[in-house]
Amino acid sequence: MTTSFKVDLRRGMVVTGKWKQGRYRVERLLGEGANGKVYLVQRDRSWYALKVGMDAVDLQSEINVLQSIAKQKQHGHEPFLFDVDDLYGPDGREYPFYIMRYVLGSTLGDYLKQKGPEWFPLVGLNLLGKLAKLHQAGWVFGDLKVENVLVADYGHVELVDYGGVTGVGKGIRQFTEIYDRGYWNEGSRSADPGYDLFSFGVLCLKLHESKRLHQLTMELLPQNRSAGELIQIAELSPALKPIAGWLRKAFAGQFTDASDASAAWRALMHRRDTHRSSATPGWLKGLVAASAVLLGTSVYWLLRNVL
Amino acid sequence: MKQILLITDGCSNVGLSPVVAAAHAQSDGISVNVVGVLDHGDVGELGAAEIDEIARAGGGLSRMVNMRQLSQTVQMMTRKTVVQTIQLAVQKELKQVLGNGSIEALPPEKRADVVRVIDELGETSSLQVALLIDASASMKPKLAAVEEAIRDLMLSLQARQGKSEISVFHFPGSRHGDDCVMDLGWTSHLNGVHGIFPRLQMGGTTPTGPAIMHVIDFYRQGDYGRQSRDGTDGMMSDYVV
């Protein structure tokens with residue numbers, strides 16, 4: 001239950017694996033998950049991500065999932081999991097860790113802020129592609145949220161924090177309330193592809209209408225939470241209106257899996273209004289509105305002076 | 001697997017010490033988790049210390065939360081305690097086989113196998129959670145959140161592959177001399193969870209210890225509890241020993 005981490009690795013520290021003696025030099029903290037911290041580390045001039053956990057059973061459970069996924073992947077894929085071992089923390093206690101590939105990228109929210117919202121349709125498609133691969137292998141990601149999606153150059157997407165990954169048919173292992181289908185009274189917490197697609201829908205809202213979404217969670221009584229409320233936000237949002245139909249299907253669980261959903265998304269992308277509406281910057285709309293008001297006022301004055 | 005989940009906001013003040021009661025539960029194979037609900041202030045140092053100690057005596061976890069975190073916490077705690085309970089049982093077995101009970105002491109490859117078994121058992125074994133709700137006057141404004149947390153817990157439990165049941169108790173009872181009253185007998189459905197609390201009359205005392213003992217008795221007489229569920233909606237179907 002304790003989520004406060006006592007283990008704190010400092011820059012320049014070298015950690016050595018207890019069992020396999022792998023040596024890693026700590027560069028900096030990359031992020032904090034539900035059950036561990038992730039650091040950027042270096043070994044033999046290569047960069048890796050090191051995840052250190054507080055609880056051996058908890059972290060091992062995540063490693064088991066990663067190993068099963070790695071086994072299923074066809075050859076030609078880069079290895080994802082490089083090393084599993086224990087380290088001695090600065091406090092002298094042992095902590096389990098694993099080493100994975102380091103993905104250079106920013107979180108989804110930051111990426112769209114930096115590169116512009118026009119990347120959103122493509123990034124969304126790539127993310128659905130990632131989910132589709134997991135679903136095909138019999139897994140559900142579970143804890144899909146803005147923070148768990150890394151985007152590298154040109155919209156390349158990588159999922160991080162596999163702590164929520166659950167075999168189809170089992171209870172979702174880890175989730176975040178506002179992304180959770182059960183929280184919105186729209187279905188069970190059993191792992192099925194629709195669970196991830198629901199979270200994906202909320203993620204779209206979180207990216208474009210974060211404030212409204214937050215407001216909704218504060219205002220609604222638990223029994224009144226519903227997909228209808230989420231759809232309403234999408235309908236009123238210029239950025240989301242073009243995909244409102246897609247979102248409705250995702251929230252209602254009408255896609256068979258992520259590849260089905262991804263095909264529908266792709267079809268949407270090639271419609272012109274998806275791009276057009278998001279391509280009109282807000283300031284331009286403001287300008288149009290302002291000039292309309294100005295025109296109105298001048299016509300009024302003109303008529304008043306004439307009559 | 002058996003659990004008691006106590007949701008309270010302060011100190012017990014009547015009867016047997018809740019720490020002793022929790023130790024009793026533990027010796028009966030029931031883990032006791034405690035959630036301390038804070039409103040704007042805190043539960044006070046005494047309350048916090050007691051909450052922590054009840055959980056320790058009961059072999060469970062404790063956590064202080066505000067209203068908004070209640071559902072997530074209850075759900076996570078229950079899940080975590082399931083894993084812990086199985087972990088303890090597995091460690092006992094390991095001790096007999098290897099002479100060393102610690103999973104951490106195993107090399108990563110062997111650890112992977114053991115954890116796979118723990119995860120599988122955690123998902124498939126049957127689970128009973130008795131929720132014990134402090135319904136003293138100060139809890140009144142929090143009961144809506146408590147009810148939501150119960151609904152949310154049920155949702156998570158229903159997603160498990162193993163059989164999962166909850167029951168709900170509150171204390172003190174509305175009549176004098178009742179330490180604890182059953183609101184909902186063992187159920188694995190969401191029906192009946194709604195509308196448990198609105199009609200409750202809030203009592204003045206906080207007999208946490210006696211209430212825990214009451215729930216232990218309920219566990220002991222499992223069959224008796226099952227019969228009393230016939231009172232259709234389980235609404236205020238007082239359970240008197």
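The values are calculated or read from the model by the stated rules, or taken from the named source; none is laboratory data. Keep in mind that what you see is a predicted model, and the values were worked out from it rather than measured. Heads up, the Cβs are rebuilt from the backbone with ideal geometry, glycines too, and the neighbour counts pull from every protein chain shown.
Does region A:94-109 contain at least one residue that is free of Cβ contacts under 8 Å to residues at least 40 places away in the same chain and over 30 Å from A:Ala267 (Cβ atoms)? No, region A:94-109 contains no residue that is free of Cβ contacts under 8 Å to residues at least 40 places away in the same chain and over 30 Å from A:Ala267 (Cβ atoms). Name the single residue that is farthest from the chain's Cα centre (by Cα) among those in region A:33-67 being touching a residue at least 12 places away in the same chain (Cβ under 8 Å) and over 17 Å from A:Val160 (Cα atoms). Here the answer is A:Arg43. I'd like to know if region B:44-51 contains one or more residues that are part of a helix (DSSP H, G or I) and within 12 Å of B:Gln3 (Cα to Cα). For region B:44-51, residues part of a helix (DSSP H, G or I) and within 12 Å of B:Gln3 (Cα to Cα): absent. Restricting region B:59-91 to residues that are touching an Asp or Glu at 6+ places or on another chain (Cβ under 8 Å) and closer than 19 Å to A:Ile178 by Cβ, the residue that is farthest from the other protein chains (Cβ to nearest Cβ) is B:Asn66. For region A:23-41, check the following and say yes or no: at least one residue is at pLDDT 90 or above, at the interface with chain B (Cβ under 10 Å from one of its Cβ atoms) and surrounded by fewer than 19 Cβ atoms within 10 Å (Cβ to Cβ). No, every residue in region A:23-41 fails to be at pLDDT 90 or above, at the interface with chain B (Cβ under 10 Å from one of its Cβ atoms) and surrounded by fewer than 19 Cβ atoms within 10 Å (Cβ to Cβ). Taking (1) modelled with pLDDT of 90 or more; (2) crowded, with 18+ Cβ neighbours inside 10 Å; (3) among the β-branched types (Val, Ile, Thr) in turn, B:Val43 satisfies each apart from (1).
Restricted to helices (runs of 4 or more DSSP H) entirely inside region A:132-247, those with at least 1 residues that are farther than 30 Å from B:Val82 by Cα and within 14 Å of another protein chain (Cβ to nearest Cβ) are A:210-219.
Step by step: first the residues of region A:253-276, then only those that are in a loop (DSSP other than H, G, I, E, B) and buried (at least 16 other Cβ atoms within 10 Å of the Cβ), then the one that is modelled with the lowest pLDDT. Which residue is that? Write out each step before concluding.
Of all residues in region A:253-276, those in a loop (DSSP other than H, G, I, E, B) come to A:253-257, A:270-271.
So of that shortlist, the ones also buried (at least 16 other Cβ atoms within 10 Å of the Cβ) come out as A:253, A:255, A:257.
On the way: A:Gly253: 95, A:Phe255: 96, A:Asp257: 91.
Filtering first and then ranking leaves A:Asp257.
Quick check: anything in region B:122-133 acidic (Asp, Glu), more than 18 Å from B:Gly36 (Cα to Cα) and within 10 Å of chain A (Cβ to nearest Cβ)? The answer is yes; a qualifying residue exists. Checking B:Ala112, B:Ala149 one by one, the residue that is within 14 Å of another protein chain (Cβ to nearest Cβ) and under 30 Å from B:Val14 (Cβ atoms) is B:Ala149 and no other.
Could you tell me whether B:Ala112 is more than 18 Å from the chain's Cα centre (by Cα), more than 29 Å from B:Val19 (Cα to Cα) and surrounded by fewer than 20 Cβ atoms within 10 Å (Cβ to Cβ)? Answer is yes for this residue.
Among residues of region B:157-174 that are within 14 Å of chain A (Cβ to nearest Cβ) and under 22 Å from B:Gln72 (Cβ atoms), those with a Cβ under 6 angstrom from a residue that is part of a strand (DSSP E or B) and not hydrophobic (A, V, I, L, M, F, W, C), sequence gap 6+ or separate chain, pair up as B:Leu157/B:Ser164; B:Ala159/A:Gly171; B:Ala159/A:Ser190; B:Arg160/A:Gly171.
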